[in-house]
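The values are calculated or read from the model by the stated rules, or taken from the named source; none is laboratory data. Because the structure is predicted, anything quoted here is derived from the model rather than measured. Note: ideal-geometry Cβ built from the backbone for every residue, glycine included; neighbour counts use all protein chains shown.
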Ligand SMILES: [Fe+2]
């Protein structure tokens, strides 16, 4: 072991002091030094090896050290890697907020339509254990749900953490226990995590996810999702509150590294739900579906994917599931060695789209089509054009090397693939940078004329406005910008009348939380999706700042599940 210089970062009394306390050359010296610090005997001249067994050492260190952990475990702590430091930080309107109980809101412009009854909920990261020295980027912040209950023209806001296993045990410990995937090179974070497992304080079988990415409604359950854990079932109470029912173990029993995409697709006609899970371990992608009764069907491993490519989203058509392998590969070793981000751009790799019959029992019928320079995070929709053509609608990230940074270039594209001739044609539908789009949910897997996207002019997740794209007209037919210093998120399309199956595709509202960075106030906007200026139908003043976030969902009043008729154990939830 090479000589390692040791620093002590002392966080007592909210102060912060860094001091060099010597060098170590052996593992025994490292053990002795940590133990001395925990016992308040920092003496750099002593190099005595303590006679501790490994298990008692870890147990003593963990169980006695909760108050001292943040002092002691800052010992071997390299500076943040510059590539990770550039991730959006929890600052400005990304900063976490406290939970807020259901609170009535004032409608300050227009009127909430009396028929607009239900709940809008948006997910997002809200770092519950944000402490100096513990690096966390936005993608790994604890999920917080921000809901707005809409009832007969009135609005009631509520925000609650998703009570994931990670959130609960870190809350009880009063400190972070799970390492952020973007800071795997931080020995301190890894040590803390391993010690928590070794001492029985943490059970990795219960999941490590933050459930911060999206919400979905299927199998008569409302769930909060992130792609490296199972869904968490959520209950909405009559008074507008949000409760976490628990982790939904849809495989029946806990499995290590069980997970599911945050973007499942529900076929509104067949009521089937399609999903996948991604894995670092081969097979890297596994496709599965739930039948109309919410029963999971046989898994289909996709063996033709040879690298742990990054899969965030996918699409379905009437007959097929569409996967997109981009030039992004997940590389935890690169992070651990302090040489890059978790998701690594590989310019030598060719992006491709894979098409598999959606009721396949194996991947033998999967076909791949190479598409140069086509890299997406989200796929808005896909559909079939006759027997041979597949159409994919997605924002393409033209400059993938800075996909998660400022000045990113994302152009909405329509890609048409002839599966017989393998001919691919591509059309860019807008010169703007667009992402976080939505469509009428009844058109999932069907030919779509309209889509609505956030205009991305700064960091990802901060949208300066919203545009409406008409594929028939070939471009933008509606727009609204929120004003100087004002940013929204995903513009979610909500049907005006969920029971009217004959209504026009764009007959509905666009909704989003919008934050004014100059006044530090947040509002909820309801816009008319059919008007060229996306007119404001109603504006609701929210009781406090709502941080920027990821994806949302609207549940009409009669869609909200009544969990009182489902005993929690029937949900197979594990709290
Ligand atoms: Fe997403």
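Selection of segment 252-266 for residues being surrounded by fewer than 19 Cβ atoms within 10 Å (Cβ to Cβ) and either touching a strand residue (DSSP E or B) at 6+ places or on another chain (Cβ under 7 Å) or closer than 28 Å to residue 154 by Cα (or both) yields only 254.
If you scan segment 483-501, which residues turn out to be within 17 Å of residue 115 (Cα to Cα) and in a loop (DSSP other than H, G, I, E, B)? The answer is 496, 497, 498, 499, 500, 501. Scan segment 196-207 and give yes if some residue there is within 16 Å of the ligand (Cβ to nearest atom), in the same structural domain as residue 254 (by TED's automatic domain parsing), under 19 Å from the mean Cα position of the chain (by Cα) and under 17 Å from residue 139 (Cα atoms), otherwise no. Within segment 196-207, not a single residue is within 16 Å of the ligand (Cβ to nearest atom), in the same structural domain as residue 254 (by TED's automatic domain parsing), under 19 Å from the mean Cα position of the chain (by Cα) and under 17 Å from residue 139 (Cα atoms). Tallying residues that are in a strand (DSSP E or B) and more than 23 Å from residue 361 (Cβ to Cβ) within segment 310-331 yields 3. The set of residues in segment 294-309 being more than 10 Å from residue 358 (Cβ to Cβ) and not in a loop (DSSP other than H, G, I, E, B) consists of 296, 301, 302, 309. Of all the criteria given as (1) more than 16 Å from the ligand (Cβ to nearest atom); (2) in contact with a helix residue (DSSP H, G or I) (Cβ under 9 Å, 6 or more places away or on another chain), the one not satisfied by residue 250 is (2). Condition check for residue 186 on (1) away from the ligand (no atom under 16 Å from the Cβ); (2) modelled with pLDDT of 90 or more: one failure, at (2).
Using the structure shown, decide if residue 165 is away from the ligand (no atom under 16 Å from the Cβ) and buried (at least 21 other Cβ atoms within 10 Å of the Cβ). Break it down into steps so the answer makes sense when it comes.
Details: away from the ligand (no atom under 16 Å from the Cβ): yes; buried (at least 21 other Cβ atoms within 10 Å of the Cβ): yes.
Yes: the conditions hold for residue 165.
Taking segment 342-398 as the range and being out of contact with any strand residue (DSSP E or B) (no Cβ under 8 Å at 6 or more places or on another chain) and either under 24 Å from residue 442 (Cβ atoms) or at pLDDT below 95 (or both) as the test, the residues that pass are 347, 348, 372, 386, 387.
Could you grab me the full set of residues in segment 372-381 that are more than 16 Å from the ligand (Cβ to nearest atom) and either assigned to a strand (DSSP E or B) or crowded, with 21+ Cβ neighbours inside 10 Å (or both)? First the steps, then the outcome.
So in segment 372-381, the residues more than 16 Å from the ligand (Cβ to nearest atom) come out as 372-374.
Correct list: 374 only.
Look at (1) in a loop (DSSP other than H, G, I, E, B); (2) under 26 Å from residue 349 (Cα atoms) and you find that residue 286 fails only one, number (1). Quick one: count up the residues across segment 548-575 that are touching a strand residue (DSSP E or B) at 6+ places or on another chain (Cβ under 6 Å), at pLDDT 90 or above and part of a loop (DSSP other than H, G, I, E, B). Summing the residues that are touching a strand residue (DSSP E or B) at 6+ places or on another chain (Cβ under 6 Å), at pLDDT 90 or above and part of a loop (DSSP other than H, G, I, E, B) in segment 548-575 gives 3.
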